[in-house]
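In what follows, a structure is listed as structure tokens, so that the remarks can point back to it.
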Amino acid sequence: TENTQIIGMSATLNNVGDLQKFLQAEYYTNNFRPVELKEYIKIGDTIYAVDSKTENGFTFSRLLNFKYSGNLEKADPDHIIALVTEVIPKYSCLIFCPTKKNCENVASMVCKYLKKEFKAHREKEKQDLIKNLKNIGNGSVCPVLMQTIPFGIAYHHSGLTNDERKSIEEGYSTGVLCLLACTATLAAGVNLPARRVILRAPYVANDFLKKNQYKQMIGRAGRAGIDSAGESILIVQEKDKHLVQDLVNSPLENCYSNLLLELTKGMQSLLLSLVGLKIAVTHEEVDNFMCSTLLGVQQQLLSREKSLSEITKDGLENLIEKGLLKGRLSEKDHSSKCTLTITPLGKAAYKGSIDLAYCNLLYRELKKGLEGLILESNLHLLYLATPYDMTSHCSPDWMIYLRQFNQLSAAEQKVADIVGVPESFITKKASGQAIRKNVDSAVVNRLYLSFVLYTLLKETNIWSVSEKFNMSRGYVQNLLNSAASFTSCVLHFCEELEEFWVYKALLTELTKQLTYCVKTELVPLMEVAGVLEARAKQLYNAGYKTLAHLANANPETLVKMIEHLSLRQAKQIVSSAKV
């Protein structure tokens, strides 16, 4: 509506002018920070203050005074324990680490050398946190957390499941945990401030830190209303000193339009939607629209060879070639009124939000499936529903691959053959033999991920599956979530194409199974608002096995039969089941 106001905020934007022009926005800026932030860097046992007024950007601040024994010096050459014990347990502290493994190592190392009295601080609440994690993990807790939480320390990275992360964040917010060792993902997302933020090294994975990453991380220091000041300490090795001087004194990075970087997801996907939604249907209208995008504002960044309108024309031609759009683009008379229309395949792609890089491949695979889909189990269907974009990051463990393959029935083993992964290939890989025949690695990886999903739906336990495949729980959960949404996308894709009518029923069911990841008989109950897996099990065991059973239930009776269920919740469950 006319009177909606949109406000965008950022602490780390450099080229605001471009965005202002693109959004046609007013611009307001302010350097006020409720809690002062003091930036330091540490080289050896010396701490320097960051000071842009001086020639090399640093001024001497203090020496660390902490007595290190020979053993401790070996275990903690970067003096993390000295930096941490200056603030915890009274105040909170974050340590940003370059890798997930490094987070866990730092958390373990710190609690090995802390004094015993750290354990006494809010001891009962720490035990409750461990209990809570145990419930989340169906009885399993990560051994590193078992060791670190009694000291008020934990790690936080994408290897944890969403619920574990929430639990740990809550423990930190309430002060039960006073130290988190985390990866950069924490910096941009969650609002978890600290008295002191330590950057373990100026790297994220193997890449040197960028200025806006640095700013996001140190921005966590200083809790409004609690601290008078916050401080950040970046730990630097002598060899990186010059790089860090550049980092601290450099401007923030610019932000650029993604239409250029992401061709199939960006530019082509936008063009397809424009025509599909009839926002622009002639070449000329499309061109006009492109001028009002951020890329249109940043045209001067385009390479000399191609103008924006030429890039747009290439994009449209590519879509016509792929059979997603119909129409002609005339060479000479640019203002031609020739109308572009979307083909059924194009409509299916944009309705299903399918990345256009995989659109034709998906069509071919579904088409091939019509000729011989093996439905003895859901493995073949799961293969078709495994997200393409996760295959590149997957490197199979060949012994596990072979073991999983050998556990399949004959019909399921045939699936592997049909999609293009012969048994001989897996056997040779597992025994380390040379392979002459060419096998598509994307297909091999995709089938491997299908095995993970297949096992997940069978066992419905993320912990056991992540151990079986030697993957982190967070990764397995992420795969499950991606597969659930991709299956739903493929379902919408099939709904637009008459020939794929048979997939509709199959994929509707599979979407539910992947979304809830519970034993099949519990799926109908999971569709009720407020019912999660544990509750669904209780209801099922109490004889409420279908939606109809629940809809006809008496809330008072439910309360009597189901443990820990309030009357309010019972009424909610019954009315949701009725709907």
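Taken over the C-alpha atoms, segment 521-578 has Rg and Dmax values of 9.6, 26 angstrom. From largest to smallest, the equivalent ellipsoid semi-axes obtained for segment 358-517 from the alpha-carbon gyration tensor read 24, 19, 14 Å.
Tally Lys/Arg at +1 and Asp/Glu at -1 over every other residue whose Cβ is under 12 Å from the Cβ of L381; what's the total? Within the 12 Å Cβ shell, the charges total -4.
For S61, the solvent-accessible surface with a 1.4 Å probe is about 50 Å², rounded to the nearest 10. Using alpha carbons only, how many angstrom separate the centre of segment 1-20 from the centre of segment 457-478? So the separation of the two Cα centres works out to 41 Å. Taking all protein chains together and a 1.4 Å probe, the residues R473, R195 rank R195, R473 from largest to smallest accessible area. From its DSSP helices (H runs of at least four residues, each -39,500 (n - 2.57)), the chain gives a residue-normalised ellipticity at 222 nm of -14000 deg cm²/dmol. With the whole protein complex present, W398 retains an accessible surface near 60 Å², based on a 1.4 Å probe.
Note on segment 37-149: Cα convex hull, mean projected area over all directions, 9.2 nm².
Amide H contacts under 5 Å for A181: I95, A154, Y155, H156, restricted to partners 5 or more places along the chain or on a different chain, H placed in the peptide plane at 1.01 Å from N.
Once the 1.4 Å probe is applied to the protein heavy atoms, segment 36-249 comes out at 46 Å² accessible per residue.
For the chain, the antiparallel share of DSSP beta bridges with both residues in that region comes to about 35%.
The listed residues T148, T557 rank as T557, T148 when sorted by accessible area, largest first, using a 1.4 Å probe. Calculated accessible area for segment 487-536 comes out at 45 Å² per residue, all protein chains present (probe 1.4 Å; ligands, DNA, RNA ignored). Annotation note: trypsin sites (Lys or Arg not before Pro) in segment 376-437 located in DSSP loop regions with a Cβ neighbour count of at most 13 within 10 Å are R436, K437. Solvent-accessible surface of protein heavy atoms, probed at 1.4 angstrom with all chains present, puts S173, S167 in the order S173, S167, largest first.
Equivalent ellipsoid of segment 233-368: semi-axes from √(5λ) of the C-alpha gyration tensor, largest first, are 38, 21, 12 Å. The value of relative contact order for the chain, using C-alpha pairs under 8 Å at least six residues apart, is 11 percent. Could you please state how large a percent of the accessible area of the chain is carbon and sulfur, counting protein chains only and using a 1.4 Å probe? So the carbon and sulfur contribution to the accessible surface is 52 percent.
Its convex hull of Cα atoms gives segment 252-308 a direction-averaged projected area, equal to a quarter of the hull surface, of 4.5 nm². Value of Rg to Rh for segment 123-197, rounded to two decimals, is 0.93; Kirkwood radius and Rg both from alpha-carbon coordinates.
Along its three principal directions, the equivalent ellipsoid of the chain from the Cα gyration tensor extends over semi-axes of 44, 37, 26 Å, largest first.
If you average 1/r across every pair of different Cα atoms in segment 36-249 and take the reciprocal, what Kirkwood value do you get, in Å? Over segment 36-249, the inverse of the mean reciprocal pair distance is 17.6 Å.
The values are calculated or read from the model by the stated rules, or taken from the named source; none is laboratory data. Since the structure is predicted, the reported quantities are computational estimates derived from the model, not experimental observations. Backbone-built Cβ (ideal geometry, glycine too); neighbour counts: all protein chains shown. Areas reflect the complete protein model, heavy atoms only, side chains present, ligands, DNA and RNA absent. Shrake-Rupley method; radii C 1.70, N 1.55, O 1.52, S 1.80 Å.
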